[in-house]
Structures are given as C-alpha cells and as structure tokens.
Amino acid sequence: MSLLEYKCPNCGGPISFNPGTREMVCPFCESVMDVEALRAMDAIMAQNLESEAVEWGYNGSGWGEGEQQGMAVYSCRSCSGEIVGAETLGATSCPFCGNPVVMASRFAGSLRPDLIIPFMLGKDAALTAMEKHYVRKKLLPKAFKDRNHLDEVKGVYVPFWLYDAIADAHIEYNAKKLRRWSDKHYDYVETSTFRIIREGGLGFSQVPVDGSRAIDDTLMESIEPYFTEQSVGFLSAYLAGYYANKYDVDSTQCSDRANERIKNSTVSEFANTVIGYDSVTPVSSNVRLKNGTVKYALFPVWMLGTSWQDQSFVFAMNGQTGKFVGDLPLDKAARRKWFMGIFGITAAALILISQIIISLI
C-alpha cells in the first residue's frame, strides 16, 4: 500500500493545505510551499507508485474470518502506528503522531479524479457559520446553544460525479384564460382553452451527484451550488490535512439520479416559458438525453457533529461558498406557545371581522 506523507523540507514537521490559497504551510516553522512545489510532490508520488503495488493490503495478524471485510490497515511511515480505515478512505491523519497522510493508490490510474475544488474556507469559518445558524431560531431550545457538545469538526473531500448532457424535450400543456365582465343583470365568465407545445434542447454541464454511500445525498444537494470554474487539476497535496474518500458508488449507479435532476430541471425551465394564462396543466412530457459524458471530482465539505440530550445533529458547510445547513432541535414548549399565539391572533381577527359584518347588516 502506498502512503504519501507531506513533510516540511526545512523542519520535517507535517504540512497541510492552507484554505483559500494554493499553498502548503508548516505550522511549526511557517515555511510556505507554492503550487509548483505541490506539482513536484505529485510527480514524486507518481514515481513511487510505479515501483509499488497499488492494491490495498492489510498489515498485522490475528484477524478473525471476515473481520477485515470493508476495511484496510495502514502503517504510518513517521511513527509506525497502524491506521485503520474504510476501504474507500483516501486521506486522513495518523491518530498517534497527527501526521497528514494520503493513500496515494486510492487516486492512482483510472481512480484519479479529473478535478478538485480546493478548500476556500477554513475550520474557523465553519464554526462561525454554525453560531450564525443558531441566530433568530425562535423555536430552538435556549439551552442548546450553550450546552450542546461539539463532537467533531472535519474537512472532507467528498467524491462527486459530474454529468454533461443535452436534453431534447417535447412537452404539451393545456392552458386556460378567463375573461370576466358584468352588466346590470348578470356576471359573465368566458373561458378560452389552449393547447401549448414546447420543443427544444437544453445543455447541462457538470451536474453533481454524490458518489459516497457514507454521505447523505440530500445533505450534499442542500449545500449546492459549487462553482466548478474555480476547480483545478487534481493534486494529492490538496488532500493533506483533510479527510478524503474515494467513490464507492460508481458513475453508472449514480446516473439515474443525474438523469432525474436533468429531466426535472428541463421540465421546470420549459414550464417557465408558458406565461400569460390563468391556469396551466401539463399533459405530456418527453425528455430524451444525449451526448452524455461524466467526470470524477472531489468537492470540499466541512462536516460538524454535535450531541445534546442523547441526540446527534449533523451539519454541513460548503467549503467553497460557506453555505451552511443542518437540522436543529425544537423546543416543544416554545412551539406550543408559538402555535397558540398564531391561533389566538387569527381567532381575534375573525371575531373582529364578524363584529364589523354584523354592525353593517
């Protein structure tokens, strides 16, 4: 198994990628390495991979039958400590000496990502976003902000498949226009009915689908969009100091979700062109995709986990844009008060309206 470790050439300390830059920074002697040094490190990694087997191996002994299924064991080159992780683990840090390590063979050959969006925001930005997430949440228990326990904050490169396609669509609608008028005897309504046909094509570029089973797809879609024009060619040095997973759901398995997203977007865009009617009802929809291509990418995500009253809450922040999402607990007493307050205001308004009507009769 090929493990790649990034060390400072001046003091030998572990170095990691600095968010928002294209530099590696040593926290001990403050040495800085630019992107050309990163490319040189990747070239060294490629040479090492040529002479080392890229298959995942297991160190140690004494495992029972089936115990190693779905996991792998690595040996840290700095302290010789064993690092145990899932088969899809691509980057982590040694739990003994803290040295950042990259499982190079996870991203070698056909497994190598086509592009990566480096972290633009650091850990402090994620913690600040979490605090802001609490603000003005009226139904949030007052004790949660002060008493919840922050279990984990980690930067993760999540594997994504990016799909390009052209959608050819033929969609039909029934639409109605109403014209109303009155005379001294009657009120009139004229209903005009139309058959509307929309045909055309839409091009889609880099539609993302999460390629990791361990990451909730809905959570990942909630922190979109990512701006892929800011992506760069993959360099394993960007992984240093962060966690990274190789995909464990391949592009074929993820294509159904990509097709669904593209078709739904196409239907929505075509519907937005049918305007000027009082009602519009879709009758038939035929969307065909062609010229499909796919790329493999790693996107930056800050994952935060908290616990409160034996409950776990997971939050995610887009490591490029700072968009933050996550569920929060509800104060049941506050929710009842809020509901009763709304109910009381509504009831009072209805009583007032009734009294006004009665007085006018």
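The values are calculated or read from the model by the stated rules, or taken from the named source; none is laboratory data. Predicted model, so just to flag it, every value in this text is computed and none were measured. All Cβ positions, even for glycine, are placed from backbone atoms using ideal geometry, and neighbour counts span all protein chains on display.
Would the range 158-176 turn up any residue that is hydroxyl-bearing (S, T, Y), assigned to a strand (DSSP E or B), surrounded by 13 or more Cβ atoms within 10 Å (Cβ to Cβ) and at pLDDT 90 or above? Taking every residue of the range 158-176 in turn, at least one turns out to be hydroxyl-bearing (S, T, Y), assigned to a strand (DSSP E or B), surrounded by 13 or more Cβ atoms within 10 Å (Cβ to Cβ) and at pLDDT 90 or above. For the range 185-215, filtered to residues that are polar (S, T, N, Q) and surrounded by fewer than 17 Cβ atoms within 10 Å (Cβ to Cβ), the residue that is nearest to L298 (Cα to Cα) is S205.
Out of I342, I358, one residue alone is more than 30 Å from E131 (Cβ to Cβ), modelled with pLDDT under 80 and assigned to a helix (DSSP H, G or I). It is I358.
Of all residues in the range 18-35, which are in a loop (DSSP other than H, G, I, E, B) and on the phi < 0 side of the Ramachandran plot? If the condition is that a residue be in a loop (DSSP other than H, G, I, E, B) and on the phi < 0 side of the Ramachandran plot, then N18, P19, T21, R22, E23, C26, P27, F28, C29, S31, D34 are the ones that fit.
Tallying residues that are surrounded by fewer than 17 Cβ atoms within 10 Å (Cβ to Cβ) and not in a helix (DSSP H, G or I) within the range 216-248 yields 7.
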